[in-house]
Amino acid sequence: MARFWRQTLRRIPSWDACLALVVPAGCAGMLAEAYTRTAIGDAEPAAACAFAPLALSAANAETLTRRGLVVVDDVLSAGELAAARRDAATLARFSPAGDHGERGDSVCWVRGDDDDVGAGLRQAMRLLRGVPDALARRGYEASHHRVPRQCQLARYTSRGKGYDRHLDRCSLGVEELGLLEWLRLSDYRGRALTAILYLNDDWQIQRDGGALRCWIGGREPFDVAPLGGRLVIFDSGAVEHAVLAASADRVALTVWINT
Ligand SMILES: O=C(O)CCC(=O)C(=O)O
Ligand SMILES: [Fe+2]
């Protein structure tokens, strides 16, 4: 056995040559792993996510282009909303989000093929993932968008805080983040549109709080109530927003559409 190893080692031209092969291969592996672990590693083109029941109008697309944000109400029927809410409530894998105390919600990532995702929630996800295709059909330049298979389900409880003012797209460069982190954040850096579908029941902003507060281009902020069945679409790189503290449980399903 010892002889075998001696002979094998003698056949290797030099350790330097070995290192020259192994180190770049290891680095390439790490970088590939960093990229494929992102939400866009297996994202689909917008057209592949077409969802016929979602009807957005030309006026919706025009408002999004002009203002950077559009609100569309009642995209779910009362029955669909109730089913999605029920499914969201039975999911048992929420964990606290936010490492720096900037947000008080618990989140879980859901995909259409997850075993614990019920038909109601799956329907809501299909609708949300159909947003870029529905926009592209109305003239919004979204055909190049890619849609992650996973959506974020976020729950803010009545006792917790909201989410501080922020932008959904990260604009830090490779020199600030380092190559590995820069690759890991590919989806976060490439976010084009944020699409949120609220799954709340009988929400009253004066009573329950929890508004989505938005700042666009230095103008006065305005509040959007998280009404059940309401879809909010905005430019992830342009609309600063915050979630105000809620006094009732607040549930939102979000997908970030990438370039
Ligand atoms: O739930 C909302 O209204 C917005 C949440 C949010 O800003 C986020 O998850 O990035
Ligand atoms: Fe956000």
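The values are calculated or read from the model by the stated rules, or taken from the named source; none is laboratory data. No experiment lies behind these values; they were computed from the predicted model shown. Glycine also receives a Cβ, built like all others from the backbone with ideal geometry; neighbour counts cover every protein chain displayed. With ligands, DNA and RNA removed, areas are computed over all heavy atoms of the protein, side chains included. Shrake-Rupley method; radii C 1.70, N 1.55, O 1.52, S 1.80 Å.
Summed over the stretch 90-109, the residues that are more than 16 Å from ligand 2 (Cβ to nearest atom) and touching a residue at least 60 places away in the same chain (Cβ under 8 Å) give a count of 2. Please work out which residue is least open to solvent (accessible area, probe 1.4 Å), limiting yourself to the stretch 217-259 and to residues that are among the charged types (D, E, K, R) and either within 11 Å of ligand 1 (Cβ to nearest atom) or farther than 23 Å from Ala78 by Cβ (or both). Among those that are among the charged types (D, E, K, R) and either within 11 Å of ligand 1 (Cβ to nearest atom) or farther than 23 Å from Ala78 by Cβ (or both), it is Arg250. Taken as a whole, the structure leaves Ala88 outside the set of residues that are touching a helix residue (DSSP H, G or I) at 6+ places or on another chain (Cβ under 9 Å), buried (at least 21 other Cβ atoms within 10 Å of the Cβ) and part of a loop (DSSP other than H, G, I, E, B). Kindly check whether there is at least one residue in the stretch 160-167 that is within 16 Å of ligand 2 (Cβ to nearest atom), crowded, with 20+ Cβ neighbours inside 10 Å and basic (Lys, Arg). Checked against the condition, which is being within 16 Å of ligand 2 (Cβ to nearest atom), crowded, with 20+ Cβ neighbours inside 10 Å and basic (Lys, Arg), the stretch 160-167 yields no hits at all.
One residue stands out among those in the stretch 185-206 that are open to solvent by 40 Å² or more (accessible area, probe 1.4 Å) and more than 15 Å from ligand 2 (Cβ to nearest atom): the one that is nearest to the chain's Cα centre (by Cα), which is Asp201.
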